[in-house]
Amino acid sequence: MIGREREAAILRLYHAEKWCVGTIATHLGLHHSTVRRVLAQAGLDAGRVSVRPSMVDPYVPFIEETLKQYPRLRASRLFEMVKGRGYPGKRDHFRTIVARYRPRPPAEAYLRVRTLPGEQAQVDWGHFGKIRVGLALRVLWAFVMVLSWCRQIFLRFYLSAAMPSFVRGHVEAFDFFGGVPRVLLYDNLKSAVLERAGDAIRFHPTLLELSAHYHYLPRPVAPARGNQKGRVERAIRYIRDGFFAARTFTDLDDLNAQALAWTQGAAADRPCPEDRERTVRELFAEERGKLLALPHNPYPTEERVVVEVGKTPYVRFDLNDYSVPHTHVQRSLVVLATPTTVRVLDPHSEAILCSHARSWDRDQQIEDPSHIEALVQHKRAAKEHRAIDRLHAALPHSRAWLVAIAERGGNLGSATWGLSKLLDTERADHLDAAVEESLARGTPHLGAVRHLLDRARKDRGQPPAVEPHLPADPRLKGLVVRPHPLSSYDQLQKMTDDEDSE
């Protein structure tokens, strides 16, 4: 607010000195909107009253008449119409001129909607940015359900807003409330409404199955009428400011644990907007008994996806590969997924083939060792490829190293076997550094890698590598190795010296 003295100065400079709004604002150190407000309170519209003549003045009646007939006419089209009638101005400023004279829709008043206990809840998604899980950048969504009478909030974060997460949010919310409201209000999101033409609504079939299972009525709000579900909109804003702002968490489970504690603590102890004398917790205890009873069995929330298995024993699901038995390659299987597990079943027998922990990372291979071992035993050639895959995964420079050996005509089988043996006894980063250095020196062979490993171990002050012990063999028991006489080597050396002297 500004004082009476400044208001008087604004009116004097505008009427007596004929200053424009921008000049008055700069002179008095005020925002131009403040100057316009003072002039509007005095009965003037500073946006429409022009003290200085303008080149658009002769065209103002035409602009007002055209906008009165076509209120949503674009400024670009109106500019072409005015330009054809002789307007000499440019296109850039004309949009601002049109905004002054475009008719404003009348303000609409809304009734405050009141509900009975247990009658209604409101549902919506909230977008809370992105979080990184390994190599994947996942969108963080908050599923929010609010009981309209007591304002109790259910909050759960998911890494997807797809239909399986939407259904799972409902089931967990009903368990949290200990009952089901009779009516649920939705926005016109695709998980609830597939198609709408006026009052004709085609609901998502899964949502209809969910509502039939829990005996509630799904009701979408009118298009562009966010006020009809203002309770959940305000709850999401409250979550952003009162919970999520400056919140630190280690992973999604930690964030959801903190969200549960917050909804049962600070959010439940706040005063209820409908009755400031009582808390949300007190009113929720009263409303809980008015909710519909939960069914005996919860609605299934597993995500079911049909996948195709190629020539390798893996199924592709949500950016990652999960191993399956090699006996089921090149056929269609079914994936049943929850936020924590991924199960694969045979659609013909409905038998569960395997189960894995779900990864929210991307481009990962989640394997059951028994699947790979069975494939190795079934197909001997797979063993060699498995060794190469292991080297490529553990030693990034091994691929170029093997290519260099092949170009020199070396034996790839022995090189792969030898490098795999070194990987069993050496740290992967130390071995990869030795492989990289042997490439840089132009000596891609096992001897050079072993030499570089020994030198690096000596530089670190570590003892030499201990040779692995041979396996126990009964044929070696009682075997005596007699030392070979060294005189034969002396005779060879003498013969070599005689040949050199001749």
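The values are calculated or read from the model by the stated rules, or taken from the named source; none is laboratory data. Fair warning: this is a prediction, and the values are worked out from it, not measured in the lab. In this analysis, Cβ positions are derived from the backbone assuming ideal geometry, glycine residues included, and neighbour counts consider all displayed protein chains.
In region 341-357, which residues are surrounded by fewer than 17 Cβ atoms within 10 Å (Cβ to Cβ) and either at pLDDT 95 or above or within 18 Å of residue 329 (Cβ to Cβ) (or both)? Answer for region 341-357, where residues must be surrounded by fewer than 17 Cβ atoms within 10 Å (Cβ to Cβ) and either at pLDDT 95 or above or within 18 Å of residue 329 (Cβ to Cβ) (or both): 341, 346, 347, 348, 349, 351, 352, 355, 357. Within region 269-285, the residues that satisfy the criterion of being part of a helix (DSSP H, G or I) and surrounded by 14 or more Cβ atoms within 10 Å (Cβ to Cβ) are 280, 281, 282, 283, 284. Cβ separations smaller than 7 Å between residues 6+ apart or across chains give the following pairs from region 164-179 residues that are within 16 Å of residue 256 (Cα to Cα) to residues that are modelled with pLDDT of 95 or more and in a helix (DSSP H, G or I): 170/210. Evaluation of residue 244 against the conditions (1) within 23 Å of the chain's Cα centre (by Cα); (2) surrounded by 13 or more Cβ atoms within 10 Å (Cβ to Cβ); (3) under 24 Å from residue 338 (Cβ atoms); (4) not β-branched (Val, Ile, Thr) shows that the sole unmet condition is (3). Consider region 403-431 and keep the residues that are of a type in the set (A, V, I, L, M, F, W, C) and either assigned to a loop (DSSP other than H, G, I, E, B) or within 38 Å of the chain's Cα centre (by Cα) (or both). The one that is surrounded by the most Cβ atoms within 10 Å (Cβ to Cβ) is 431.
Restricting 263, 206, 250 to those that are assigned to a loop (DSSP other than H, G, I, E, B) and either in contact with a strand residue (DSSP E or B) (Cβ under 6 Å, 6 or more places away or on another chain) or within 24 Å of residue 168 (Cβ to Cβ) (or both) reduces the list to 250.
Residues in region 183-217 that are hydrophobic (A, V, I, L, M, F, W, C) and in contact with a Lys or Arg (Cβ under 9 Å, 6 or more places away or on another chain): 183, 184, 185, 193, 194, 217. Within region 291-313, being assigned to a strand (DSSP E or B) and touching a helix residue (DSSP H, G or I) at 6+ places or on another chain (Cβ under 9 Å) holds for 292, 303, 304. A Cβ distance below 9 Å, combined with a sequence gap of six or more or placement on separate chains, defines the contacts here; from region 75-87, residues that are at positive phi reach residues that are part of a helix (DSSP H, G or I) in the pairs 86/58; 86/59.
Hey, any hits in region 168-183 for a residue that's assigned by TED's automatic domain parsing to the domain that holds residue 255, part of a strand (DSSP E or B) and of a type in the set (D, E, K, R)? No, that holds for no residue.
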